[in-house]
Each structure stands twice: as C-alpha cells, then as structure tokens.
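The values are calculated or read from the model by the stated rules, or taken from the named source; none is laboratory data. Just so we're clear, the structure is a prediction, and the values are computed from it rather than from any experiment. Cβ: placed from backbone, ideal geometry, glycine included. Neighbour counts: every protein chain shown. Accessible surface areas use protein heavy atoms only, side chains included; no ligands, DNA or RNA. Shrake-Rupley method; radii C 1.70, N 1.55, O 1.52, S 1.80 Å.
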Amino acid sequence: STEIIPLCLRIMETGSELSKTVATFIVQKILLDEHGLNYICATAERFYAVSTVLINMVNSLAEAPSSRLLKHIVRCYLRLSDNPRAREALRLCLPEALRNNTFGSILEEDAATRKWLSSLLYALGGEQTTGSF
C-alpha cells in the first residue's frame, strides 16, 4: 500500500515540530530508495504533492527555524534532484529561502546540511529551462 506518503505529507503540513520531523524523515527514507524516488517522480501529481508540502515547510521554517527539520527537507530536495524530470521542475520551484541566505545561521552550525544544500544548488545550477514536469 502507498498510503504512507499521503499520511506523511498531511503530518508534515499540520503536525507538531517533532511529528513533522519524523514524517519528513520517513519521506526522505522513501526517496533514498530507488523505487521510492521513481514512485514519487512517476507522475506530476505525486511530485507536486511532495514539492508543495516541502515549499510550505521551507516558508514556515523561515519564520520559525529548526535545524533538524531543515536537514531532512534539504536531503529530500537533494534526492529529488537525482531524477532528471524532478530536477527540471525544482529549477523552477525551489523556494527562494533555500537559494539566498535565509538559513545562514543554521547552516553555519551544520556542516552536513550546508554541504547537501550546496550540492543541491549545484545540481540545479544548470541552464535554466522552462520545461514542464
């Protein structure tokens, strides 16, 4: 059954910080598996469901930062960028807060997340296109 992904997305939107962190970690683990990445990226609907929740979470983190949550969100985005179609879409929809220095103070103290975000931005740094997912 694939009900775990919609459930996690709902928790990521509405749960406590700890619940959001756990649900994001589960989505991260699903994405790290090749079958999970392929499943989420198989349709635009699934990709955008995950992407929209991640965007909303990044925007919320800009107001109430959490280094643990940011770490898992960045890791989800980095893994999504391994899929060519998702990478193209992320070039257009990655939140500005991840592109500028919004989370600079968190990243100063977290070398792993800083490295992952740098890798993500590098992966997305290719030629800007207007292709659709």
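Do you know which residues across the range 3-15 are exposed (fewer than 13 other Cβ atoms within 10 Å of the Cβ) and under 18 Å from ASN59 (Cβ atoms)?
Answer for the range 3-15, where residues must be exposed (fewer than 13 other Cβ atoms within 10 Å of the Cβ) and under 18 Å from ASN59 (Cβ atoms): ARG10, THR14.
Report whether or not PRO84 is more than 20 Å from LYS29 (Cβ to Cβ), at pLDDT below 95 and open to solvent by 10 Å² or more (accessible area, probe 1.4 Å).
So PRO84 fails the test.
In the list VAL58, VAL27, VAL53, VAL22, which residue meets the criterion of being modelled with pLDDT of 95 or more, open to solvent by 50 Å² or more (accessible area, probe 1.4 Å), closer than 28 Å to GLU109 by Cα and of a type in the set (A, V, I, L, M)?
The conditions single out VAL22.
Enumerate the pairs (first residue in the range 18-45 and β-branched (Val, Ile, Thr); second residue anywhere and surrounded by fewer than 14 Cβ atoms within 10 Å (Cβ to Cβ) and assigned to a helix (DSSP H, G or I)) with beta-carbon separation below 8 Å, excluding pairs fewer than 6 apart on the same chain, so at least 6 apart or on different chains.
Filtered contacts from the range 18-45: ILE26/ILE4; ILE30/ILE4.
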